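Read-outs throughout are calculated quantities, based only on the coordinates presented, and are distinct from any laboratory measurement. Quick caveat, the model's predicted, so the values are computed rather than measured. Glycine also receives a Cβ, built like all others from the backbone with ideal geometry; neighbour counts cover every protein chain displayed.
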Amino acid sequence: MIKKIKDKLLFIIPILLILYFILNLLGGNRGLFSYFEKRNYLNNFKNEEKLIKQEIEELEKSNILLSDNLDTDYIEILLRDKFLLGKKGETVYIIKNE
């Protein structure tokens, strides 16, 4: 009887160990699925970083135009865009693309 149990244990234990390692390889915090998920997060963060850097560059350019030496043409463009202002006798048309 003990010999039968030992024979079965010699067969069951390696199978359980193999299943354990396969499950940990695929799942868990360091598994294959987690790796792909973390790689996806990293790509998203890199894209967000590029967008934020572009936005910072645009803000720096506009800040340079509004620094000590004021560029009146740029200020006029800003006023026309933000407040829809025009010159006297000028007709302003707004074209909306839908």
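Using a Cα distance threshold of under 29 Å, what count of lysine pairs results for the chain when pairs must be 8 or more residues apart or interchain?
14
For helix 72-83, report the angle its Cα long axis makes with the longest principal axis of the Cα atoms of the chain; keep it between 0 and 90° and round to the nearest 10°.
70 degrees
Output the 0 to 90 degree angle, nearest 10, between the alpha-carbon long axis of helix 2-26 and the longest principal axis computed from the alpha carbons of the chain.
Tilt of helix 2-26: around 10 degrees.
As a check on your grasp of the helix formula, calculate [θ] at 222 nm for the chain: sum -39500 (n - 2.57) over DSSP H runs of n ≥ 4, divide by the residue count, round to the nearest 500.
Using -39500 (n - 2.57) per qualifying helix, the result is -25500 deg cm²/dmol.
Please give the charge dipole size of the chain, origin at the Cα centre, charges +1 on K and R Cβ atoms and -1 on D and E Cβ atoms. Round to the nearest 20 debye.
1400 debye
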